[in-house]
Structure formats: structure tokens, C-alpha cells
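Since the structure comes first, as C-alpha cells, the remarks are kept for the end.
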Amino acid sequence: MKKLILPVVISISAALLLCACGGGNAPEEASIPETKEAADVPTIGLDILIEEDESMINTYSLLAVNPAAPWVDADGNSVDASTVAINTAGADALINWMLSEEGLNAAGNYGFDDYGEYLFYIKDDAPKSAAEIPQATDETKVIRLSTTTSVNDSGLLGYLLPIFEEEYGYTVEVTSAGTGKAIANAKMGNADLLLVHAKAQEEDFIAAGFARTIDGQTAERLAFMYNYFVLCGPKDDPAKVKDAADVKAAFAEIANGKFRFVSRGDKSGTHTKELSLWPEELGITEEPASFEAYQDWYISANSGMGVCLTMANEQGAYILSDKATFLTFKANGGILEDAE
């Protein structure tokens, strides 16, 4: 289902302005800010070219941070546990609400009114919670959520969290970055829970002792919703990826023709997925040396989704994005604020 986005551009002719101002003697304050604003709105030259490929499913998980984790600093050195305090009660409250009937319905219905299609889907086997959610106290009120730019830039959290906060009295402080940075933030004790989308990194986080199982659940990793990554690119599609048999064949065409591609380059879930789609013989990994020979077309931005979409739009490049963020980017006229 495609959403029809109807950008409105207000154009005021010089003749109308002259009439409104009583002839050609318009005062200085009657300048034309509308014309400047219209000129400043970027043209969105990107389209979704491939979507709903089975290789592009994007699963999101909740993980509660273990208060007895082996904390480390940014350099991997041990951190004194006495300096770290985890709000386990607050994390449990938010997780239980997001997995409640109310929370799951809100997440699953988000975006339909604005886009004519659902931006996130609840997994058939999503873990659910019927736990009683306590009201916030002075000790539990502030909950620190470390998450990916995808759920933040798409507007999902801006929609969900006020419902939870108003009902139960909590304040959720959101730190948004790529999944790799979001997980690193939690390893330093700077988050009470995670909402991320990179399974291998999540499993490493669990194996290292940083996650815990909350009451009523059977696993640390609570995979509850998904959407799709989409391959976006210039509307004229110079690499003809639309004609490719699948998304991996499309990535091969981009590489073969050396068509410009913007990579997140930030160890995010999106970046991790992108790396899995290039032909193996290219040898593209997280390491800069692996794509040094491709710098004439492969751009590693080390930035959030909004910044990268802006770059791809400006440079006529291909890019992998989650669908929700791309639709929000397009609907907002190319304006997204990455909170990293």
C-alpha cells in the first residue's frame, strides 16, 4: 500500500503582491518570506526501489539491563560498580507496558492514519505481558532508554512514550544512536533498557552478562516487532536495481557500475544489514581498509539515518534505510533530527 504525499508549495506572484501593497511601492517589511521558505525546502529525489525482500526483514527487541553487569568504559576498561545505578523497576514497567495489549496495539497501528500503511508490524510470536504496571515513585520515575535512530526518527517513540508517561507518571529519557552505540552506552551503565535491532550484537550483549530476564518472561531478548529495510535511490534508478532478481543482485549491480552509495558506517543495525547484502568477493566490512579501494563510489558516513538520507538525496546516491524512517523523511520534506 503506498501513501500519497501531497507537498503543498505556496507561490505568490509579484502581481498579487503589488496589488496587496497598493502598487509598486511595497514597504520593506512586505518582503516575500514564503518564496524563500519554498526555495529552501529540499526536493526529495529518492524513491523506494526494492522493499519487502525476505533478506530485508528488520526485527526490533527489548532488553533489560542487568544491574550486576560487568560495566566497562568507552575503552573497554572495568568500571566501579558502585558508580552505576540501574532503574530496574522503571525498566520493567516500560517493557511490560510495551508488551501489553495497549502498547502492542499502539505500536502496530502507528503511522496508518498518516501514511495509509503500517510502519511497524507486531510479530505473531511476540512476547506479551499482562503484568500490573506500578505508578512511578520518586526513586523510579526516570527511565533511561538507549535505542536506535530508526524508532526515534520514525516518530514511533514520540507517539508511544507520552501515552505511557501520562498513564503511569514516568519520564523516559531517550538516547538515540546506531544499535552499536546504543549497546555500548548500556555497557557503560548509562541505560536501564535497550530497544534495538541487530540480533548478533544483542546476543553478544546477553552472552557478556549485560542483560537480564524480567519476571514473567523466559528470555532476555524480547523480539516483538518488525518492519522492512528498503533500498532507496534516485528516481531514474541508473543502476536499474528495480529490475534485479532480489536485493543482493541489486547491491551487486550498484557495485559493478560503481554507482554512489551512502553507508551508515556506524555499526548500527542498518549498517550491519547493509554489510550482509554486498557480494562477498568485495570484502566490505566495518573496517575502513576493506572499502578503501571503493571510495570513488562507497561513502561511509558514520552518521545517523537522517544525516545519511540527506546525503544520499543531495548526491543522488543509493542507500539502505528502514522503511518507517524513509517515509517520515519524505513526508517531512527531508528534515530529520538525529539525536546521537
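The values are calculated or read from the model by the stated rules, or taken from the named source; none is laboratory data. Please read all numbers here as calculations on a predicted model, not as lab measurements. We place every Cβ from the backbone using ideal geometry, glycine too, and count neighbours over all the protein chains shown.
Mind counting the residues in region 162-178 that are under 22 Å from residue 134 (Cα atoms) and either basic (Lys, Arg) or under 16 Å from the mean Cα position of the chain (by Cα) (or both)?
Result for region 162-178: 1.
Given the structure, is residue 270 among the hydroxyl-bearing types (Ser, Thr, Tyr), at pLDDT 95 or above and not assigned by TED's automatic domain parsing to the domain that holds residue 147?
On the way: among the hydroxyl-bearing types (Ser, Thr, Tyr): yes; at pLDDT 95 or above: no; not assigned by TED's automatic domain parsing to the domain that holds residue 147: yes.
No, not satisfied.
Filter region 257-289 down to residues that are hydroxyl-bearing (Ser, Thr, Tyr) and not in a helix (DSSP H, G or I), then give me how many there are.
Start the filter on region 257-289 by keeping residues that are hydroxyl-bearing (Ser, Thr, Tyr), which leaves 263, 268, 270, 272, 276, 285.
Then drop every residue that is not not in a helix (DSSP H, G or I), which leaves 263, 268, 276, 285.
Residues flagged as hydroxyl-bearing (Ser, Thr, Tyr) and not in a helix (DSSP H, G or I) within region 257-289 amount to 4.
Assuming residue 263 fulfils every condition listed in (1) among the hydroxyl-bearing types (Ser, Thr, Tyr); (2) in contact with a Lys or Arg (Cβ under 9 Å, 6 or more places away or on another chain); (3) buried (at least 22 other Cβ atoms within 10 Å of the Cβ) apart from one, which condition is it?
In the conditions (1) among the hydroxyl-bearing types (Ser, Thr, Tyr); (2) in contact with a Lys or Arg (Cβ under 9 Å, 6 or more places away or on another chain); (3) buried (at least 22 other Cβ atoms within 10 Å of the Cβ), residue 263 misses (2) alone.
Of the residues that make up region 191-209, is at least one out of contact with any Phe, Trp or Tyr (no Cβ under 9 Å at 6 or more places or on another chain) and part of a strand (DSSP E or B)?
Taking every residue of region 191-209 in turn, at least one turns out to be out of contact with any Phe, Trp or Tyr (no Cβ under 9 Å at 6 or more places or on another chain) and part of a strand (DSSP E or B).
For region 290-307, which positions are at pLDDT below 95 and either among the aromatic types (Phe, Trp, Tyr) or not in a loop (DSSP other than H, G, I, E, B) (or both)?
If the condition is that a residue be at pLDDT below 95 and either among the aromatic types (Phe, Trp, Tyr) or not in a loop (DSSP other than H, G, I, E, B) (or both), then 305, 306, 307 are the ones that fit.
Identify all residues within region 135-182 that are surrounded by 24 or more Cβ atoms within 10 Å (Cβ to Cβ) and in a helix (DSSP H, G or I); write none if there are none.
Within region 135-182, 149, 150, 151, 152, 153, 156, 179, 182 meet the criteria.
Give region 225-243 a look and list any residue that's in a loop (DSSP other than H, G, I, E, B) and touching an Asp or Glu at 6+ places or on another chain (Cβ under 6 Å), or say none. Talk me through it step by step, then tell me what you get.
Step one: of region 225-243, the residues in a loop (DSSP other than H, G, I, E, B) are 235-240.
Once the filter is applied, which keeps residues that are in a loop (DSSP other than H, G, I, E, B) and touching an Asp or Glu at 6+ places or on another chain (Cβ under 6 Å), region 225-243 yields 235, 239.
For region 88-103, does any single residue satisfy the condition of being among the small types (Gly, Ala, Ser) and over 18 Å from residue 216 (Cβ atoms)?
No, because not a single residue in region 88-103 is among the small types (Gly, Ala, Ser) and over 18 Å from residue 216 (Cβ atoms).
Each row is one residue, and each column tells you yes or no for (1) at pLDDT 95 or above; (2) over 23 Å from residue 88 (Cβ atoms).
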residue	(1), (2)
174	yes, no
189	yes, no
196	yes, no
228	no, yes
236	yes, yes
241	yes, yes
250	yes, yes
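Which of (1) within 30 Å of residue 309 (Cα to Cα); (2) without any contact (Cβ under 8 Å) to a residue 60 or more places away in the chain; (3) in contact with a helix residue (DSSP H, G or I) (Cβ under 8 Å, 6 or more places away or on another chain) does residue 161 not meet, given it meets every other one?
(3)
Here are some conditions: (1) over 13 Å from residue 317 (Cβ atoms); (2) surrounded by fewer than 20 Cβ atoms within 10 Å (Cβ to Cβ); (3) touching a helix residue (DSSP H, G or I) at 6+ places or on another chain (Cβ under 7 Å). Residue 250 meets all but one. Which one does it not meet?
For residue 250, the exception is condition (2).
Yes or no: residue 124 without any contact (Cβ under 8 Å) to a residue 12 or more places away in the chain, closer than 19 Å to residue 57 by Cα and part of a loop (DSSP other than H, G, I, E, B)?
Details: without any contact (Cβ under 8 Å) to a residue 12 or more places away in the chain: yes; closer than 19 Å to residue 57 by Cα: yes; part of a loop (DSSP other than H, G, I, E, B): yes.
Yes: the conditions hold for residue 124.
Could you tell me which of the residues 178, 169 is over 20 Å from residue 65 (Cα atoms) and either not assigned by TED's automatic domain parsing to the domain that holds residue 221 or not charged (D, E, K, R) (or both)?
The unique qualifying residue is 169.
If you scan region 100-127, which residues turn out to be over 24 Å from residue 328 (Cβ atoms) and crowded, with 16+ Cβ neighbours inside 10 Å?
Within region 100-127, 100, 127 qualify.
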